[in-house]
Amino acid sequence: MTLIKSISGIRGTVGGRPGDNLTPLDIVKFVSAYATWLKTRAGKTRAKIVLGRDARISGEMYAKLVEATLSGLGHDVVNIGLTTTPTTEIAVTAEQADGGIILTASHNPKQWNALKLLNNRGEFLSAEDGAQVLQMAEQESFEYAEVDELGSIIHKDYTDYHIQHVLDLKLVNREAIAKANLKVVVDAVNSVGGTVIPALLKALGVKEVVELNCEPTGRFAHNPEPIPENLIQISEKIKECGADLGIVVDPDVDRLALVCENGEMFVEEYTLVAVADYVLKHTPGNTVSNLSSSRALRDVTLAHGQQYNAAAVGEVNVVTKMKETNTVIGGEGNGGVIYPESHYGRDALVGVGLFLSHFVAEGKSMTVLKATYPQYFISKNKLTLSPDMDVDKILEGLKKKYASEEITDIDGVKIDFKDGWVHLRKSNTEPIIRIYSESKDEAAANQLAEEVIKVAQSLY
């Protein structure tokens, strides 16, 4: 598997040969390049860098390598250990650090890991900054410290800090949540969410928390992407124990999926839609999501008399657009809630606090609440890439084929039809073309996807 280098980090499978996979040598090289870039950017000879990791089997090994490499470069490390991506982001600013590194491959299976790189604001690097880091890695333009200049290493835990941060948000209503006597099932896919999400729920006053796959072993009980086909176990458990809802997070806890009281999916796309509805009721302002996200957010935003904008896929792109448009709530349709009042990063903990506050305020069941929103269905498909496939040629061919429709090409190609849309783009995290389509019902969304996939296949 070729290493994937993108705005989502440096990602690959564990083992194999350097340059082909994410090997220990690759970890040292890219960490050295990042830390050298950070030092230059900060104008310091000695930088402070926060390090966190999810529960992946390879995480502890890679964390030791990262820690040693940073110290060897003369930088000081604040190792916050087993933690979430948003917790690491918050820790960067709390520590007034120069940057941060998160070891996680997010929703990818256990054989994957990645370096996610943060700036001094606890946000992901821009494409321009990332390109500079990659260039430094390619040139190996870094020097290590003399023995008397080696960096220090301290260990801290930021879990309680993050939970208190959520409790302190003005729109998180702990008192109302506690009065609702909720029963909630949690599936944390055997990663760090198994520690932090139950702790958060108890701090919020949830009466009963039922834990599934909450031991952070890194041996994922199912495919870790929180999509319906992977959530059969929690669906059955909710019905069995009569819970009010289910909460599902991915391995690094930046995505939040919800399950209704009857075991049906609330649908990942509607996490952001529901949270945005709640925020907009109390804080008028604009919203942003990416091109692959549901039209439902746009509809809800317009219903509140506010403006919606779309960004290219990728958290850094969404954050950039949010800052440009003075957005009060935004994120990605994969369950990624970004709430500027907290910080500019997808955060499932913040999402839980805001959603439960909304849920108890509405006083409806999950299925009834879901029915109050514009109903769309997204069909998510993919084409596996082979080395001889010319993705740009395929996308250009699609633009010509559908030239009579509304085309957006800031990120792949999105074709907007009257009753739906199809978005094709090369993934930042896997060697595939993602093909998302949306319409008013499942059959129409699937038909749109099938039509465009056939055209795409004819172009290679």
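Where a number appears in this text, it was derived from the coordinates with a stated rule and is not lab data. Keep in mind it's a predicted model, so treat the numbers as computed, not measured. With ideal geometry, Cβ positions are generated from the backbone for all residues, glycine too; neighbour counts draw on all protein chains shown.
Given a Förster distance of 41 angstrom, what is the FRET efficiency for GLU405 paired with ARG17, based on the Cβ-Cβ distance and rounded to 0.05? Spell out each step's value before the answer.
On the way: r = 44 Å, r/R0 = 1.08.
Efficiency at R0 = 41 Å is approximately 0.40.
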Next item on the list: Could you pull out every residue, at least 5 positions away or on a different chain, whose amide H is within less than 5 Å of the one on GLY74? Hs are placed 1.01 Å off N in the peptide plane, and Pro or chain starts have none.
Entry: ALA145, GLY151
Item checked: Cross-link reach list, lysines versus LYS202, counting only Cα pairs under 20 Å and skipping chain neighbours closer than eight places -> LYS170, LYS179, LYS183, LYS237
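Please state the relative contact order of region 109-226 as a whole percent: Cα pairs under 8 Å, 6+ residues apart?
On the way: 112 pairs, mean separation 27.3, N = 118.
RCO, region 109-226: 23 percent.
Students often get this wrong, so check it: of LYS382/LYS426; LYS64/LYS156; LYS399/LYS426; LYS110/LYS380; LYS44/LYS156, which have C-alpha atoms separated by over 18 Å?
Working: LYS382/LYS426 9 Å; LYS64/LYS156 15 Å; LYS399/LYS426 15 Å; LYS110/LYS380 22 Å; LYS44/LYS156 23 Å.
Pairs exceeding the cut-off: LYS110/LYS380; LYS44/LYS156.
Counting other Cβ atoms within 10 Å, which trypsin sites (Lys or Arg not before Pro) in region 196-259 have at most 15 and lie in a DSSP loop?
Values: sites: LYS202, LYS207, ARG219, LYS237, LYS239, ARG255; in loops: LYS207, ARG219, ARG255.
Answer in residue order: LYS207, ARG219.
Name the helices (complete DSSP H segments) of the chain with a Cα length along the long axis of 24 Å or more and a Kyte-Doolittle mean of at least -0.5, or state none. Display every interim value, and only then the final one.
Working: long enough: 24-42 (27 Å, 0.36).
For the chain, where a helix must reach 24 Å along its axis and average at least -0.5, the hits are 24-42.
Report relative contact order for the chain in percent, whole number only (criteria: Cα-Cα under 8 Å, sequence separation at least 6).
On the way: 1051 pairs, mean separation 56.7, N = 460.
Relative contact order of the chain: 12 percent.
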Note to self: Under 12 Å from a point placed 7 Å out from the Cα of GLN135 along the Cα-to-Cβ direction: which residues of region 1-40 have their backbone N that close?
What the structure shows: none
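From the alpha carbon gyration tensor of the chain, can you work out the equivalent ellipsoid semi-axes (sqrt of 5 times each eigenvalue) and give them in Å, largest to smallest?
The equivalent ellipsoid of the chain has semi-axes of 33, 29, 20 Å.
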Margin query: Show me the ranking of peptides 167-175, 309-317, 335-343 by mean Cβ neighbours inside 10 Å, starting with the highest.
Written below: 335-343, 309-317, 167-175
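Mind checking the full-extension length gain between GLU146 and LEU65? Use 0.36 nm per residue of separation minus the Cα-Cα distance, one decimal, nm. Walk me through the numbers on the way to the answer.
Numbers: separation 81, 0.36 × 81 = 29.16 nm, distance 1.83 nm.
Answer, rounded to one decimal: 27.3 nm.
Can you give the helix-only mean residue ellipticity at 222 nm for the chain, where every DSSP H stretch with n ≥ 4 adds -39500 (n - 2.57) and the sum goes over all residues, rounded to the nearest 500 deg cm²/dmol?
Numbers: 15 runs with 174 residues, N = 460.
-11500 deg cm²/dmol, from helical runs alone.
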Check: Based on the alpha-carbon gyration tensor of region 60-191 and its eigenvalue square roots a ≥ b ≥ c, which shape applies: rounded if a/c is under 1.5, prolate if not and a/b is larger than b/c, or oblate?
Finding: prolate
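Of the peptides 114-121, 41-48, 11-18, 397-404, how do they stack up when ordered by the mean number of other Cβ atoms within 10 Å, highest first?
On the way: 114-121: 22.0, 41-48: 15.5, 11-18: 17.0, 397-404: 13.6.
The most tightly packed comes first, giving 114-121, 11-18, 41-48, 397-404.
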